[in-house]
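Working notes for the structure below.
None of the figures in this text is laboratory data; all of them are computed from the coordinates on show. The structure presented is a predicted model; accordingly, all values stated were derived computationally and were not measured. Cβ placement follows ideal geometry from the backbone for every residue including glycine, while neighbour counts extend to all protein chains displayed.
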Amino acid sequence: MRTIDKTGHRAGTSLAALTLGLSLALTACGGDDTSGSSSTSSSDHNDADVSFASDMIQHHAQALTMVDLTVERDLDPAFQQVAEGIRDAQGPEIETMSNWLEQWGEEVPATVRDHSNAEGHDMGDMADDTGMDMPGMMSDEDLEELADASDADFEDLWLEMMIEHHEGAVSMAQTEQKDGTYEPAVSLAEDIVTTQTDEIATMQELLDS
């Protein structure tokens, strides 16, 4: 309720001025920022952005290698739809993040797909330099086991591995949301969290069915 004192409307005016001052102070401090990072920029980046792009390129590349293993197998159509959805999303994201690194003068990391493409999808020695310290990454032995699995066992094994892989990607993306400053990278991280969380739920349903 607006306060009226002996000076007429001065108290109400002072209250309005105080409210405006607080509002401006909050705005200056980023109080209305909902991006997940305290301050983002459309042009500037920080070390967290570089780490996010470099690591997620390698992480996505391994996911696409796992998707490649679904080709020419007799698989359930619903399962195949999930795999192709991962390919459609993550292939362009790798290109986007590679472009960022080039623009920033940073090295674009070699990936498991560089090796597998050069060796005709050979599963050997693919995990040595592809960021095995990142959450959710499969080992060389994991990929070999998946490649050698029969069609009867392949789907469940692939789903279990990809759920773990996605959970790792979500964790990495959440770190970027918290620490990154490059707005497009923070936005991509938000998309990854949303998309891959939904895909985890879908894959869990397929695994449970």
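Approximating the spin labels as points 7 Å out from Cα along Cα→Cβ, the ASP156-to-ASN46 distance works out to 4.6 nm. Residues of region 43-68 falling in the label zone of VAL108, defined by backbone nitrogen less than 11 Å from a point 7 Å along Cα to beta-carbon, are absent.
Neighbour counting of Cβ atoms within 10 Å sorts the residues ASP156, ASP47, fewest neighbours leading, into ASP47, ASP156. Centre-to-centre separation between the Cα atoms of region 46-106 and those of region 129-172: 13 Å. Straightening the chain between THR202 and THR96 buys 35.6 nm, computed as 0.36 nm per residue apart minus the Cα-Cα spacing.
The distance between label points at SER209 and GLN174 comes to 2.8 nm (points 7 Å beyond Cα on the Cα→Cβ vector).
Estimated at 0.36 nm per residue, the fully extended path between THR194 and ALA149 surpasses their Cα-Cα distance by 13.2 nm.
What FRET efficiency comes out for GLU167 versus ASP76 if R0 is 30 angstrom and r is the Cβ-Cβ distance? Round to the nearest 0.05. Rounded to the nearest 0.05, the efficiency is 0.85.
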